[in-house]
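The values are calculated or read from the model by the stated rules, or taken from the named source; none is laboratory data. Every value quoted in this text rests on a predicted model; they were computed, and no experiment measured them. Neighbour counts are summed over all protein chains in view; Cβ atoms, including those assigned to glycine, are modelled from backbone coordinates with ideal geometry. Just the protein is used for accessible areas: all its heavy atoms, side chains included, with ligands, DNA and RNA removed. Shrake-Rupley method; radii C 1.70, N 1.55, O 1.52, S 1.80 Å.
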Amino acid sequence: MEEELISKKELLDMTGISYGQLYRWKRKGIIPEEWFIRKSAFTGQETFFPKQLMLARIDKILHMKDGLSLDDLAEMFSPTPSGQSIRVLDILERNIVSRPSIELAAPYVGQTELYNFEQTLYLYILDQSLLSGEMSLEEGPHLLRTLMEHYGKYEGKNCDLLMIRKMGLSVFMMLSAGSEVFFDGGTKMVFRVSVAKCIEELKLKISIL
């Protein structure tokens with residue numbers, strides 16, 4: 001299904017933000033440049049945005065901007081992992097990741113009292129995928145191995161984790177965010193996870209530790 005778009009004029013009217021704010025956030029990287037989509041319209045070239053992504057992002061910015069600087073917001077929304085390490089005790093106490101997921105991941109990610117951000121990201125994606133009910137415990141290690149082997153190849157660029165299933169067999173893959181992917185009729189896409197969105201969520205959870 002084609003993603004619903006919203007024009008720049010409609011966006012500014014709906015959210016009450018100014019043209020200057022919008023482009024200041026773009027320059028800071030708070031709103032990704034790829035969300036600014038140039039399309040032909042009856043008035044000429046116009047700028048459109050993915051509607052739901054933009055409305056959700058602007059709502060977060062407006063609720064957070066009084067307590068954070070633009071640089072802090074840029075770091076929060078950046079798809080690049082932070083350099084922060086997190087204690088396992090804090091991860092559990094804040095319900096960032098459940099104990100069963102940490103125990104499941106330990107043979108692959110490592111069993112330690114302190115995880116770096118990237119390790120915590122793997123745990124978080126594993127936990128969220130299990131909580132969705134779409135993935136079994138037996139499939140969890142395959143998800144982890146895919147992330148650990150391939151996530152680093154994107155070097156901070158937006159990417160997605162995809163799970164497909166055919167005839168009871170599951171396969172995980174990584175691809176650039178927004179890339180189209182097609183399967184034969186017997187293949188089911190179980191889920192597609194935005195790694196950048198998970199990074200954003202995780203940074204927000206860690207910021208309140």
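Overall form of the chain: oblate. Here a/c, set by the Cα gyration tensor axes a ≥ b ≥ c, is 1.5 or more, and a/b is not larger than b/c. Over the chain, accessible surface divided per residue gives 57 Å², non-protein components excluded, 1.4 Å probe. Applying 0.36 nm per residue to the separation of residue 137 and residue 112 and subtracting their alpha-carbon distance, the gain on full extension is 6.9 nm. The stretch 155-194: which trypsin sites (Lys or Arg not before Pro) are DSSP loop and have at most 16 other beta-carbon atoms within 10 angstrom? Listed in order of number, the matching sites are 157. For the chain, the relative contact order comes to 17 percent (Cα pairs under 8 Å, sequence separation of at least 6).
Toward the positive end of the charge dipole of the chain, with +1 on the Cβ of Lys and Arg and -1 on the Cβ of Asp and Glu, the farthest Cα among 178, 110, 130 is that of 178. For the chain, the mean residue ellipticity at 222 nm estimated from helices alone is -14000 deg cm²/dmol, where every DSSP H run of n ≥ 4 contributes -39500 (n - 2.57) and the total is divided by all residues, rounded to the nearest 500.
In a DSSP loop and with at most 13 other Cβ atoms within 10 Å, the trypsin sites (Lys or Arg not before Pro) in the stretch 45-108 are 94.
Per-residue accessible area (protein heavy atoms, 1.4 Å probe) orders 120, 15 as 15, 120, starting from the largest. Give me, ordered by chain and number, the residues 5 or more places off residue 114 or on other chains with an amide H under 5 Å from its own placed amide H. Correct list: 88. The orientation-averaged projection of the convex hull spanning the C-alpha atoms of the stretch 48-144 amounts to 8.1 square nanometres.
Cross-link partners for residue 157 among the lysines, with Cα-Cα distance under 23 Å and sequence neighbours closer than 8 places in the same chain left out: 26, 28, 51, 60, 197, 203, 205.
Legend: residues 68, 114, sorted from most to least accessible area (1.4 Å probe; ligands, DNA and RNA excluded), read 114, 68.
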